[in-house]
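Since the structure comes first, as structure tokens, the remarks are kept for the end.
The values are calculated or read from the model by the stated rules, or taken from the named source; none is laboratory data. Because the structure is predicted, anything quoted here is derived from the model rather than measured. Quick reminder, even Gly has a Cβ in these numbers, built from the backbone with ideal geometry, and neighbours come from all protein chains shown. All accessible areas refer to the heavy atoms of the entire protein, side chains included, with ligands and DNA or RNA removed. Shrake-Rupley method; radii C 1.70, N 1.55, O 1.52, S 1.80 Å.
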Amino acid sequence: MLKNRIIPCLDVKNGRVVKGINFVDLKDAGDPVEQAKIYSDGGADEICFLDITASNENRDTIYDVVKKTSKKCFVPLTVGGGVRSVDDINKLLNCGADKVSINTAAVENSKVVIDSSKKFGSQCIVVAIDAKKNGDKWEVFTHGGRNNSGINALTYAKKMEENGAGELLVTSMDRDGTQVGYDIELMSKISSKVNIPVIASGGVGNLDHLVDGIKLGKASAVLAASIFHYGKHSVKEAKDYLDSKGIPVRI
Amino acid sequence: MNVTIVDYKSGNISSVINSFKEVAKEKVNIEVTSNPNKIKSSDKVVLPGQGSFKSCVEALNNIDGLSDTLNEFTIINKKPLLGICVGLQMFGDIGYEETETKGLGWISGKVSKIDNQNGKFKLPHIGWNEINIVKDSKIFKDIENNSHMYFVHSYEFIPEDKNVISATTDYSTKVVCSVEKENIFGTQFHPEKSDKFGLKIINNFINL
């Protein structure tokens, strides 16, 4: 039986781990390579690096982080943030990333997803959707949550599947950093709309939120940062808890 | 000993390289090449594969003499070869991804899309799944039945002779996830991304 995945996410800036509260107010909390190794040794099903300010700053540091991590961690490594082109994707894959997540570039130029999934295979192309509720619908935001594209997130999710995305990483902008739980409605609507796996992100504050993301949000995988990162819970605790709630996990 | 990872410019093989180097340490030389002469002189070959069946076969055929060399290495000289993911799928006669494409024809069978039962099962099949070991395979030495391995694929290899199947995994149907036929080994899952059990499989292959 396929297991639901738990993915600790490390937000990286200038080669150091940070985690934003609603994308601002950053705290420095460690070396990404060591952190990733601790997570993979602790049973993380996958590791995710998000180079959060990469759109604006020199991003060569992330290549070095990916290179070092991929020599130490033998679970899948997803890297995103500031990925603009097929060439950027190629570089990250060559450094040892297994999947690359594309956010702003996928909104601005659908060819990036189409071309990269053809060139490298859908298995390594993750489209990251930052969505914010507006009335009864969700809109896709770009540039780390700063710009509203006005695009309907559900329609967009389906289009990205058609363009060749292998997975969708859906972040609720309303919930990110709040620790009040995933936007379950958003997750379940997108998950029901597409036939590719959905990774839920944004808002995890406790282990029940992970359970809800899978049971109610119908996500194949759950991504979280703060609850793991500041030692509130270990990945193993999270897995044991999910297991106790009848959710299939790799233990 | 020399183990060659075939780099035929199809997809990302850095994780395969990293994992083999991690396991090999100093005792085994890991070569990454598409050079037929180097492949001929190596003791073992790893054939990775990412992307579509069609793109992998095309990439392989794009390199002069590569497919003949692999054929000689595997079928005539009967030296050990490990195919990973699409590398395994290419053992078959024919694949149906994108369009009908001829495979290497080493193990009779076809490569078809996993039946997702009208959307009940998401594709790609991504994540950790248990393997059901159905016959002793040399690469499964010290690997317990129902160990978790990391998968990412939408197509499955269906061999004609079921005796070559060494493990299956449950996803919609019993998906073939490992084969062994004499000196030919293949895994549909990614040992290079399957943590310590995956590295153990790589170690078993290196130590054959």
_Just to check your reading of the model, which residue among A:ILE199, A:ILE151 is surrounded by 24 or more Cβ atoms within 10 Å (Cβ to Cβ) and among the β-branched types (Val, Ile, Thr)?_
A:ILE199
*Look through the range B:160-183, keep the residues that are without any contact (Cβ under 8 Å) to a residue 40 or more places away in the chain and outside any strand (DSSP E or B), and return whichever of them is farthest from the other protein chains (Cβ to nearest Cβ).*
B:ASN163
*Please tell me if A:VAL113 is more than 14 Å from chain B (Cβ to nearest Cβ), in a loop (DSSP other than H, G, I, E, B) and not charged (D, E, K, R).*
no
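Tally the residues that are β-branched (Val, Ile, Thr) and exposed (fewer than 15 other Cβ atoms within 10 Å of the Cβ), restricting the search to the range B:128-173.
1
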*Counting only residues that are within 7 Å of chain A (Cβ to nearest Cβ) and within 19 Å of B:SER178 (Cα to Cα), how many does the range B:115-129 have?*
6
*Within the range A:82-110, count every residue that is surrounded by fewer than 24 Cβ atoms within 10 Å (Cβ to Cβ) and either of a type in the set (D, E, K, R) or touching an Asp or Glu at 6+ places or on another chain (Cβ under 6 Å) (or both).*
7
*asked:* Take the residues in the range A:69-101 that are assigned to a strand (DSSP E or B) and among the aliphatic types (A, V, I, L, M); name whichever of them is nearest to the other protein chains (Cβ to nearest Cβ).
replied: A:LEU77
*Within the range A:170-195, track down each residue that is open to solvent by less than 10 Å² (accessible area, probe 1.4 Å) and touching a residue at least 60 places away in the same chain (Cβ under 8 Å).*
A:ILE190
*Check the range A:41-57 and report whether any residue there is within 14 Å of chain B (Cβ to nearest Cβ) and either open to solvent by 20 Å² or more (accessible area, probe 1.4 Å) or part of a helix (DSSP H, G or I) (or both).*
yes
*Does the range B:82-89 contain at least one residue that is of a type in the set (A, V, I, L, M), away from chain A (no Cβ under 14 Å), touching a Phe, Trp or Tyr at 6+ places or on another chain (Cβ under 7 Å) and farther than 21 Å from A:PHE74 by Cβ?*
no
*Counting only residues that are open to solvent by 10 Å² or more (accessible area, probe 1.4 Å) and away from chain A (no Cβ under 14 Å), how many does the range B:1-45 have?*
16
*Identify all residues within the range B:81-109 that are open to solvent by less than 10 Å² (accessible area, probe 1.4 Å), out of contact with any Pro (no Cβ under 7 Å at 6 or more places or on another chain) and not in a loop (DSSP other than H, G, I, E, B); write none if there are none.*
B:LEU81, B:LEU82, B:GLY83, B:VAL86, B:LEU88, B:GLN89, B:GLY95
*Hey, does the range A:116-132 have a residue that's surrounded by fewer than 24 Cβ atoms within 10 Å (Cβ to Cβ) and more than 14 Å from chain B (Cβ to nearest Cβ)?*
yes
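Using the structure shown, decide if B:PHE157 is away from chain A (no Cβ under 14 Å), in a strand (DSSP E or B) and not acidic (Asp, Glu).
The answer is yes for B:PHE157.
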*Keeping to the range A:204-227, report how many residues are away from chain B (no Cβ under 14 Å), open to solvent by 20 Å² or more (accessible area, probe 1.4 Å) and outside any helix (DSSP H, G or I).*
2
